[in-house]
Amino acid sequence: MPKHVAIIMDGNGRWAAKRGLSRSDGHKQGTEAAKAIVTHCRELGIGHLTLYTFSKENWGRPKDEVRFLFDLLRMFLNSELKSLLEQSIRLKVLGDISSLPAPARMTLEHVQKKTENGDAMVLNLALNYSGRDEILRAARRLIEQGVRPEDVTEETFSSQLYTCGQPDPDLVIRTSGEQRLSNYLLFQAAYSELYFTTVYWPDFTPEEFDKALADFTGRQRRFGLTGSQASG
Ligand code: IPE
Ligand code: IPE
Ligand code: MG
């Protein structure tokens, strides 16, 4: 079982277009898919789940869509807080939330605080997230702390990332048929297994998740070794 699964939830817009619905409808349905996957991962005992919720690049979308996405996030958090507490899930944000619309930011702060003792699973929401920015930020923080060059190690560097203290993702899943990382977890995904499916995010059910898991289980992770070394 992977310790950490990271998902790029893509294809809400195309899911909606295929049905003659609005992009907003697609995002709404995407939220329902996310709820089911969160609960499923927790039941499977996956300790860390990261969902790519809003990239730094997504600010370039039409204003109305951006506004809708943050309204949806706020409503999702408000309606799910009780369930997160019941499931002992801890919510964490990866990214800089200072520039988010105030209602969404305040709700995020509230839910993070309320769920901070959740010990069954960490649910990371990558929000206003950019992998390159995260790396630059870590470098700046190390410099500010006066860390000596020889002390800049993978460990000290990782400790300045948003995912500090969490294992690297074992598996990165992307829905909708696109096969790229889109600036997601660039440092952490160095040795992640990648799984791509053409299913659009709103149709990504727990059964689809299990397919990804089965695929992952069948793989041999080598980390640079030969096949026989890695299996020995
Ligand atoms: C993913 O779906 C949700 C976000 C990026 C917020 P998209 O909105 O990217 O859907 P497509 O790619 O246009 O189908
Ligand atoms: C990546 O999806 C970001 C999220 C899922 C939040 P995009 O749809 O924004 O990625 P690109 O633009 O196709 O690379
Ligand atoms: Mg997309």
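The values are calculated or read from the model by the stated rules, or taken from the named source; none is laboratory data. Computed from a predicted structure; not experimentally measured. Using ideal geometry, Cβ is built from the backbone for each residue, glycine included, and neighbour counts are taken over all protein chains shown. We work out accessible area using only protein heavy atoms, side chains counted, and drop any ligands, DNA or RNA first. Shrake-Rupley method; radii C 1.70, N 1.55, O 1.52, S 1.80 Å.
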*the stretch 175-190 - phi-based ³J(HN,Hα) in whole Hz, Karplus 6.51/-1.76/1.60, Gly and Pro as x*: 8, 5, x, 6, 10, 8, 8, 6, 6, 9, 6, 4, 6, 6, 8, 3
*In whole percent, what relative contact order does the stretch 77-203 give with Cα contacts below 8 Å and a gap of six or more residues?*
23
*Which far-off residues, 5 or more places away or on another chain, put their amide H under 5 Å from the one on Ile7, with H placed in the peptide plane?*
Thr50, Leu51, Tyr52, Ile173
*Where does each of Phe68, Phe54 land when they are ordered by accessible area, with a 1.4 Å probe and the largest first?*
Phe68, Phe54
*Estimated D of the stretch 68-128 in µm² per second, where Rh is the Kirkwood radius over Cα pairs and Stokes-Einstein applies at 25 °C, 0.890 mPa s*: 213
*Pull out a ≥ b ≥ c, the square roots of the eigenvalues of the alpha-carbon gyration tensor of the stretch 132-232, then state rounded if a/c is under 1.5, prolate if not and a/b is larger than b/c, and oblate in the remaining case.*
oblate
*Expressed as a rounded percentage, what relative contact order does the chain have, with Cα pairs under 8 Å and six or more residues apart?*
27
*For a quick protection proxy, order the peptides 22-35, 118-131 by their average other-Cβ count within 10 Å, most packed first.*
118-131, 22-35
_Total charge dipole magnitude, the chain, about the Cα centre, Cβ charges on Lys, Arg, Asp, Glu only, Debye to nearest 20_ = 480
*Past the 20 Å Cα-Cα mark, which pairs from Lys3/Lys92; Lys35/Lys114; Lys28/Lys63; Lys18/Lys211?*
Lys18/Lys211
